[in-house]
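J.: To start, I am sharing the structure in question, which I have written as structure tokens.
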Amino acid sequence: MSAPLFCLKPGLRLILASASPRRRRFMEEWGLPFDVRVPDAAEPRPLPGEEPAAYVRRAAAAKARAALALAGGPAPDLLLLAADTIVALDSRLLGKPRDEADALRMLRDLSGREHHVISGVCLITPDGREQNFSETSGVRFHPWPDDVLRAYVRTGEPLDKAGAYAVQGQGAFLIAEVRGSWSNVVGLPVTLLAARLLEQGWMTPDAAQGS
């Protein structure tokens with residue numbers, strides 16, 4: 001196992017409000033210890049005229065508040081992290097497909113076109129305040145024929161993914177180009193998150209701890 005990259009501020013504990021194995025993996029690769037609290041509350045629905053970035057920040061905040069309640073509320077030693085990711089094609093939000101036919105429709109719509117992947121992040125800090133931010137990445141699909149898209153749908157991978165694909169899985173071949181953060185397309189804007197945690201002293205480079 002590789003050495004830890006970062007350390008939490010001494011005395012601080014981290015809660016990750018996500019069931020996503022991809023987000024957990026990012027924290028594990030950084031070397032941060034964390035507990036998981038996954039709220040079962042339904043995600044809020046977009047409001048009429050709400051911009052996708054505003055919506056995903058609001059959804060991440062709702063997830064963070066629900067997880068904080070599971071954890072027993074704010075505490076001086078607690079940092080809570082929640083995130084949500086959506087796919088937007090023009091002005092339309094693409095959630096998780098209802099079934100294989102819906103997944104195929106989404107992939108057909110995305111094929112040969114550029115769409116946006118937007119992740120919202122909410123941090124609830126030890127003083128109980130919320131910090132919200134988001135990142136947008138542009139993703140362009142290669143124009144794949146129907147038989148290729150059908151083969152991908154048959155793998156089952158698209159069925160629990162927003163936009164019906166996973167850039168970090170079998171669906172990586174679909175993508176011709178990513179503009180902006182790749183990790184954001186996976187589900188967490190790690191550059192923005194790391195900068196925020198380091199700037200505010202909640203996380204430090206492991207080398208700074210000495211040996």
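J.: Tell me the GluC sites (Glu not before Pro) within the stretch 50-117 that lie in a loop according to DSSP and have at most 16 other beta-carbon atoms within 10 Å. Mind showing how you got there, number by number?
T.: Numbers: sites: Glu50, Glu100, Glu114; in loops: Glu50.
Sites meeting the loop and neighbour criteria: Glu50.
J.: Got a sec to turn the phi values of the stretch 138-148 into Karplus ³J(HN,Hα) couplings, 6.51 cos²θ - 1.76 cosθ + 1.60 with θ = phi - 60°, whole Hz, x for Gly and Pro?
T.: Once rounded to whole Hz, the list reads x, 10, 10, 7, 5, x, 7, x, 4, 5, 5.
J.: Continuing with this model, one more query. First check a/c for the stretch 93-184, with a ≥ b ≥ c the square roots of the eigenvalues of its C-alpha gyration tensor; if it is under 1.5, answer rounded, and if not, answer prolate when a/b is larger than b/c or oblate otherwise. Let's see the in-between values first.
T.: Values: a/c = 2.80, a/b = 1.92, b/c = 1.46.
It comes out prolate by the Cα gyration axes.
J.: Here's another thing I want to ask about it. Between beta-carbons, use under 11 Å as the cut-off and find the net charge around Thr136, counting Lys and Arg +1, Asp and Glu -1. Intermediate results must be reported in sequence, preceding the final value.
T.: On the way: positive: Arg179; negative: Glu51, Glu135.
Net charge around Thr136: -1.
J.: Related question: Choose one of Thr191, Tyr165, Gly72: the residue whose Cα lies farthest towards the positive end of the charge dipole of the stretch 6-209 (beta-carbon charges +1 Lys, Arg; -1 Asp, Glu; about the Cα centre).
T.: Gly72
J.: How much FRET efficiency would the formula 1/(1 + (r/R0)^6) give for Val148 and Trp182, where r is the Cβ-Cβ distance and R0 is 25 Å, rounded to 0.05?
T.: Numbers: r = 22 Å, r/R0 = 0.89.
Here the calculated transfer efficiency is 0.65.
J.: I need the shape label for the chain. Rule: rounded when a/c is under 1.5, else prolate if a/b > b/c, else oblate, with a, b, c from the alpha carbon gyration tensor.
T.: On the way: a/c = 2.18, a/b = 1.67, b/c = 1.31.
Prolate, because a/c is 1.5 or more and a/b exceeds b/c.
J.: According to a simple spin-label model (label point 7 Å from Cα along Cα-to-Cβ), what is the distance in nm between Glu157 and Arg113?
T.: Using points 7 Å along Cα→Cβ, the separation is 2.2 nm.
J.: Using only DSSP helix segments of four residues or longer, with each worth -39500 (n - 2.57), what per-residue ellipticity at 222 nm results for the chain after dividing by its residue count and rounding to 500? Before the final figure, lay out the partial values.
T.: Working: 6 runs with 64 residues, N = 211.
Taking each H run of at least 4 residues, the total per residue is -9000 deg cm²/dmol.
J.: Classify the stretch 109-153 as rounded, prolate or oblate from the Cα gyration tensor: take a ≥ b ≥ c as the square roots of its eigenvalues, call it rounded if a/c is under 1.5, otherwise prolate when a/b beats b/c and oblate if not.
T.: Since a/c reaches 1.5 and a/b is larger than b/c, the shape of the stretch 109-153 is classed as prolate.
J.: Output ³J(HN,Hα) for the stretch 41-58: one whole-Hz value per residue in order, computed from phi by the Karplus curve 6.51 cos²θ - 1.76 cosθ + 1.60 with θ = phi - 60°, and x for Gly and Pro.
T.: Result, ordered by residue: 5, 5, 5, x, 8, x, 8, x, x, 6, 5, x, 5, 5, 5, 5, 5, 5 Hz.
Quick note: the coordinates plus some simple rules give every number you see, no bench work behind them. Bear in mind the structure is a predicted one, so any value in this text is a computation, not a measurement. Backbone-built Cβ (ideal geometry, glycine too); neighbour counts: all protein chains shown.
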